[in-house]
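For reference, the structure is listed below as structure tokens.
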Amino acid sequence: MNGRRTGQVLLMLAGLIAWAVQFTIIYAVTSTLCGREWADATILGVGSVHAIVLLTTLAALGVAGWSLLWSRCVHGRLGEAAAASDRFMSQAGALISGLSLVVILWQGIPAFILPACA
């Protein structure tokens with residue numbers, strides 16, 4: 001794979017990568033803090049589990065949102081003469097990033113509805 005195609009694949013998968021990192025961090029931190037009974041600790045007046053979930057979710061939303069916007073920008077710059085694979089990858093990147101935004105929210109919201117170590 002040349003460098004250009006590698007960049008296209010990474011842009012296309014950036015939303016999924018952000019979601020996977022968020023998923024891993026949320027569950028690793030929650031299980032560690034709850035297992036060691038440190039979930040009652042606070043960070044700036046907010047429970048440690050909730051604070052980490054919030055920060056991780058916001059960071060993942062930022063990456064997926066950036067990926068969505070960048071994919072749309074790349075697709076807009078492609079002309080009619082562009083290769084079909086380039087158009088497909090930019091459209092797929094926008095779709096994947098948009099779906100990743102939904103999944104990231106779906107993963108982060110329950111942390112604020114349910115108790116930390118329920």
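Being in contact with a Gly (Cβ under 6 Å, 6 or more places away or on another chain) and of a type in the set (S, T, N, Q): is that true of Ser71 here? Yes; evaluated as a whole, the condition is true for this residue. The single residue among Val102, Val53 that is over 15 Å from Leu16 (Cβ atoms), of a type in the set (A, V, I, L, M), part of a helix (DSSP H, G or I) and out of contact with any Pro (no Cβ under 8 Å at 6 or more places or on another chain) turns out to be Val53. Exactly one residue out of Ile52, Ile104 is at negative phi and touching a strand residue (DSSP E or B) at 6+ places or on another chain (Cβ under 9 Å): that is Ile52.
For the stretch 59-99, taking the residues that are part of a helix (DSSP H, G or I) and charged (D, E, K, R), the one that is nearest to Ile17 (Cα to Cα) is identified as Arg72. Only one of the listed residues (Phe112, Phe23) is aromatic (Phe, Trp, Tyr) and more than 10 Å from the chain's Cα centre (by Cα). That residue is Phe112.
Only residues that are of a type in the set (S, T, N, Q) and either touching a helix residue (DSSP H, G or I) at 6+ places or on another chain (Cβ under 6 Å) or not in a helix (DSSP H, G or I) (or both) were counted in the stretch 1-47, giving 5.
Bear in mind that the values in this text are calculations on the coordinates, not laboratory data. None of these values were measured; they are calculated from a predicted model. Reconstructed Cβ throughout: ideal geometry from the backbone, glycine too, with neighbour counts over all protein chains shown.
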